[in-house]
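Novice: Supplied in structure tokens, the structure appears directly below.
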Amino acid sequence: MASQHDDNCIFCKIINGDIPCHKIYEDDRVLAFIDIGPISKGHTLIIPKYHAAEIVDVPEEYAAACGMAIPKIAKAVQGATGCPAYNILQNNGQLAGQAVFHVHFHIIPRYSAETGLNYKWIPGQLDETDAVEMKAAIANNLK
Ligand code: 5GP
Ligand code: ZN
């Protein structure tokens, strides 16, 4: 089984038990715990037990394990908090708001329009030529 650790990484330290956390769930490849700076009550993090900064660096088996854990933990967060809605967020890169460079998925309950993840969604208008070009370019980059 692939595994990777970084001595300077706060989440690797949590995985190792060197730093405490409020653990919710753990298996061979995944750990879930309460966020120390919650945006809303019940804000939870899910991380692979593999040190990778961004989602593209996570080995398939760890990504799959995260994929299986996310709905399970989201259901538990919803059950515990009674939140009527929630966002699942995963930031990649400082520009995207990433502060801890060990991949993590946020589950952020929303109790009202004022609570939870705050963001402004400004939709554009899809240009047909751009769409055709972009579809081909992205598809060609699939490995
Ligand atoms: P990012 O901005 O990188 O997507 O989110 C990092 C998250 O990690 C933040 O929500 C922050 O509160 C949380 N966090 C940072 N350090 C710790 C820690 O030592 N323990 C826990 N439980 N959460 C942490
Ligand atoms: Zn790490």
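Novice: Would you confirm, using the coordinates I've provided, whether G42 is in contact with a Lys or Arg (Cβ under 7 Å, 6 or more places away or on another chain), surrounded by 14 or more Cβ atoms within 10 Å (Cβ to Cβ) and on the phi > 0 side of the Ramachandran plot? Quick ask: steps written out before the conclusion?
Specialist: Numbers: in contact with a Lys or Arg (Cβ under 7 Å, 6 or more places away or on another chain): no; surrounded by 14 or more Cβ atoms within 10 Å (Cβ to Cβ): yes; on the phi > 0 side of the Ramachandran plot: yes.
In short, no.
Novice: Another question, if that's okay. Hey, any hits in the stretch 38-46 for a residue that's small (G, A, S), more than 14 Å from ligand 2 (Cβ to nearest atom) and in contact with a Leu (Cβ under 9 Å, 6 or more places away or on another chain)? Explain how you work it out, then say what you get.
Specialist: Here is the first cut: in the stretch 38-46, the ones small (G, A, S) are 40, 42.
When the remaining residues are screened for being more than 14 Å from ligand 2 (Cβ to nearest atom), the result is 40, 42.
Pick out the ones that are also in contact with a Leu (Cβ under 9 Å, 6 or more places away or on another chain) and you get 40.
Yes, because at least one residue in the stretch 38-46 is small (G, A, S), more than 14 Å from ligand 2 (Cβ to nearest atom) and in contact with a Leu (Cβ under 9 Å, 6 or more places away or on another chain).
Novice: So, in the stretch 5-20, of the ones that are surrounded by 14 or more Cβ atoms within 10 Å (Cβ to Cβ) and over 17 Å from the mean Cα position of the chain (by Cα), which residue ends up nearest to ligand 2 (Cβ to nearest atom)?
Specialist: Looking at the filtered set, the residue picked out is D6.
Novice: Kindly indicate whether Y111 is buried (at least 17 other Cβ atoms within 10 Å of the Cβ) and among the hydroxyl-bearing types (S, T, Y). Lay out the reasoning, then the answer.
Specialist: Working: buried (at least 17 other Cβ atoms within 10 Å of the Cβ): no; among the hydroxyl-bearing types (S, T, Y): yes.
So Y111 fails the test.
Novice: Scan the stretch 1-26 for residues that are within 20 Å of P59 (Cβ to Cβ) and within 13 Å of ligand 1 (Cβ to nearest atom) and jot them down.
Specialist: Matches in the stretch 1-26: C9, F11, C12, I14, I15, N16.
Novice: Report every pair of residues separated by at least 6 positions or lying on different chains whose Cβ atoms are under 8 Å apart, first residue within the stretch 20-48 and among the hydroxyl-bearing types (S, T, Y), second near ligand 1 (Cβ under 9 Å from one of its atoms) and assigned to a loop (DSSP other than H, G, I, E, B).
Specialist: Final answer for the pair search is T44/D35.
Novice: For the stretch 75-100, how many residues are outside any helix (DSSP H, G or I) and more than 16 Å from ligand 1 (Cβ to nearest atom)? Outline the logic, then answer.
Specialist: Taking the stretch 75-100 and keeping what is outside any helix (DSSP H, G or I), we get 82-93, 97-100.
This time we only want the ones that are more than 16 Å from ligand 1 (Cβ to nearest atom), so: 82-85.
Summing the residues that are outside any helix (DSSP H, G or I) and more than 16 Å from ligand 1 (Cβ to nearest atom) in the stretch 75-100 gives 4.
Novice: Taking V56 and the conditions (1) of a type in the set (A, V, I, L, M); (2) within 16 Å of ligand 2 (Cβ to nearest atom); (3) surrounded by 13 or more Cβ atoms within 10 Å (Cβ to Cβ), which numbered condition does it fall short on, given that it satisfies the others?
Specialist: So V56 meets the others, but not (3).
Novice: Now for a separate question. Name the residue, out of K72, K49, that is out of contact with any Pro (no Cβ under 9 Å at 6 or more places or on another chain), under 13 Å from H102 (Cα atoms), basic (K, R) and away from ligand 1 (no atom under 14 Å from the Cβ). Steps first, please.
Specialist: Values: K72 fails: under 13 Å from H102 (Cα atoms).
Among K72, K49, only K49 is out of contact with any Pro (no Cβ under 9 Å at 6 or more places or on another chain), under 13 Å from H102 (Cα atoms), basic (K, R) and away from ligand 1 (no atom under 14 Å from the Cβ).
Throughout, read-outs are computed from the coordinates displayed, never taken from laboratory work. Computed from a predicted structure; not experimentally measured. When we count neighbours, we look across all protein chains shown, and the Cβ atoms used for this are built from the backbone with ideal geometry, even at glycine.
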